[in-house]
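Every number in this text was worked out from the coordinates using simple rules, so none of it is lab data. Source: prediction; values computed, not measured. Neighbour counts are summed over all protein chains in view; Cβ atoms, including those assigned to glycine, are modelled from backbone coordinates with ideal geometry.
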Amino acid sequence: MNIKNLLDVLELDSGILGGGSLAVHSPIDGAKLAQVHEHTAAQAAAAVDAACVAFMAWRLVPAPRRGELIRLLGDELRAHKQALGRLVSIETGKILAEGLGEVQEMIDICDFALGLSRQLYGLTIASERPGHRMMETWHPLGVVGVISAFNFPVAVWSWNTALAIVCGNAVVWKPSEKTPLSALACQALFNRAVARFGGAPGNLSQVLIGRREVGEALADHRGIALLSATGSTRMGREVGPRVAARFGRSLLELGGNNAIIVTPTADLDMATRGVLFAAVGTAGQRCTTTRRLIVHESVADDLLARLKKAYASARIGNPLDIGTLLGPLIDEAAFEDMQAALAKARNEGGTVFGGERQWAEQYPQAWYVSPALVEMPAQTAVVCQETFAPILYVMRYENFEDAVHMQNDVPQGLSSAIFTNDLREAEIFMSAAGSDCGIVNVNIGTSGAEIGGAFGGEKETGGGRESGSDAWKAYMRRATNTVNYSHELPLAQGIKFGEDV
Ligand code: NAD
């Protein structure tokens, strides 16, 4: 199916494909898909102003009714899952199963948010004063800005938007400039849900197509109460201080450098499969991709032999073809970054297996690679940086404590995992003395989180939490209320004030 037919199914006017200044290419073959219009920074500011107006009305709609809009969005996503999943694959190069999986994740978060719309609970708190009651109430926050990365072009928007909308907020979204078509398709589905809902204010969720200047306009705009920004640590370093300078809130979801520890008691079959999916899936372009393997010396040779076999047989090719495990990198710059990291690894004493360009003759404008396994003598400088490509650095360890230390001894803190059948090791890894990451797994890989848990990480990953558990609290403001139903006016802490006056 060509792109125009796909847009028809998604009920998106194919007029959006031409006439603009932003060229969109498919990483599958480098073909130009569209030339879309970009918003200016001034248009971004106007969109935020309009969102502020929408917020003033939406915050007064009862939360369960707001949930109904997200239920309808979930319906639209179910009905359009195949087309949207395919568009995601075409625009990002991820394999179709993963494109469809990403849309399923959107459906899941809509279900979650619908339930949440009846559970935005506050606490009732015992007061120290007689005849008093204390409680917390949670109120809508304002306009939520969303900046998203190319590698999850639709799920990140839905994680934020489904929660933000049931929490009573309006949303303004700036997707990656590499994936505007998927974003425009989401906006069209949202508009359909709004039309079926009836009575929602206009401009409740808007999309702004543009590059970093548009993101900067959101960072600086006082009308954005919360800026949820997903992307590189470099981006977060720029956005975070700008939002903080105006005392706005930010929720940062930045780079990861995720490790799997494999201990002597691990099930090596499971570990091999777990590492393969987490290190090679999405061509190494997930924030939760496994980039470091810390393996006990007693099982290292065995595991490496299995991995090399699995790596050599992983099918690389067109991500729309059934059976492909590894699609292309997003663009030439990503390929250059990968090659530079491999050269650096060699300089730092590494032995590289794989990592070469593939399908160059068939797809001269696309950037397919074989996944790379790199045996390192130690956790050197290159291993401590995130290279957004399928490179797995392998280090050996002797003592478990050293392995945990090595896992933590990088600037990032997103996801981590251990393969072990030793209960003590598993528990230590999950304890205060264990992994310092936001995600800590046992006997599964580092990637592929479910929406039910809070998602995010520590240190240079930014500290934000999105999606499940109580992540919704970031999208609301908390008021502490004290009610005096007595005839007296006692002060807290037993303070007597002016009673003998
Ligand atoms: P990127 O940082 O280049 O761009 C991300 C988004 O930020 C884009 O929309 C971009 O236009 C915008 N942007 C860039 N600079 C900006 C600035 N100064 N001000 C405002 N906006 C700006 O990242 P990418 O290449 O699209 O994505 C890959 C990166 O994203 C990786 O580092 C990956 O780990 C990270 N990521 C993190 C998560 C997570 O949840 N932690 C999820 C997905 C991706």
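What order do you get for 37, 221 when you list them from fewest to most C-beta neighbours inside 10 Å?
37, 221
May I ask you to give the average projected area over all directions of the convex hull of the Cα atoms of the chain, in nm² rounded to one decimal?
Result: 27.5 nm².
Exposure proxy check: 363, 475 ranked by fewest other beta carbons within 10 Å?
363, 475
Could you go through segment 182-193 in sequence order and give the Karplus-derived ³J(HN,Hα) for each residue, using 6.51 cos²θ - 1.76 cosθ + 1.60 with θ = phi - 60°, rounded to whole Hz, and x for Gly and Pro?
Couplings: 4, 5, 5, 5, 4, 4, 5, 5, 5, 4, 5, 5 Hz.
For segment 305-369 and segment 93-107, write down the distance between their C-alpha centroids in whole Å.
Segment 305-369 and segment 93-107 have Cα centres separated by 21 Å.
In debye, nearest 20, what is the charge dipole magnitude of segment 21-132 about its Cα centre with +1 on Lys and Arg Cβ and -1 on Asp and Glu Cβ, if you could check?
Here segment 21-132 has a charge dipole of around 360 debye.
Could you size up the charge dipole of the chain around its Cα centre, putting +1 on the beta carbon of Lys and Arg and -1 on that of Asp and Glu, and report it in debye to the nearest 20?
For this selection, approximately 1220 debye.
Excluding residues on the same chain fewer than 8 positions from residue 81, give the lysines whose Cα lies under 28 Å from its Cα.
4, 32, 94, 174, 178
May I ask you to order 431-439, 142-150 by the average number of other C-beta atoms within 10 Å around their residues, highest value first?
Most protected by this proxy first, the peptides run 142-150, 431-439.
Would you mind checking which residues have amide H under 5 Å from residue 250's amide H? H placed 1.01 Å from N; only 5 or more apart, or other chain.
Long-range HN contacts for residue 250: 227.
From the residues 247, 384, 70, which one has its Cα farthest along the dipole of the chain in the positive direction, the dipole being from +1 and -1 charges on Cβ of Lys/Arg and Asp/Glu about the Cα centre?
Checked the options; the winner is 70.
What do you get for the angle between helix 233-245 and the principal long axis of the chain? Use alpha-carbon atoms, 0 to 90 degrees, nearest ten.
20 degrees
Amide H to amide H, which residues 5 or more places from residue 330 or on other chains are under 5 Å from it, using H placed in the peptide plane?
Amide H neighbours of residue 330: none.
Among 52, 124, 183, whose Cα projects farthest towards the positive end of the dipole of the chain, with charges put on the beta-carbon of Lys, Arg (+1) and Asp, Glu (-1)?
52
How high is the relative contact order of the chain, given as a whole-number percent (alpha carbon pairs under 8 Å, six or more residues apart)?
Across the chain, relative contact order equals 18 percent.
For the residues 56, 395, 134, what sequence is obtained by ranking on other C-beta atoms within 10 Å, fewest first?
Ascending number of Cβ neighbours within 10 Å: 56, 134, 395.
Using amide H atoms built in the peptide plane, which far-off residues or other-chain residues are under 5 Å from residue 440 H to H?
Residues meeting the criterion, in which the H sits 1.01 Å from N, are 416.
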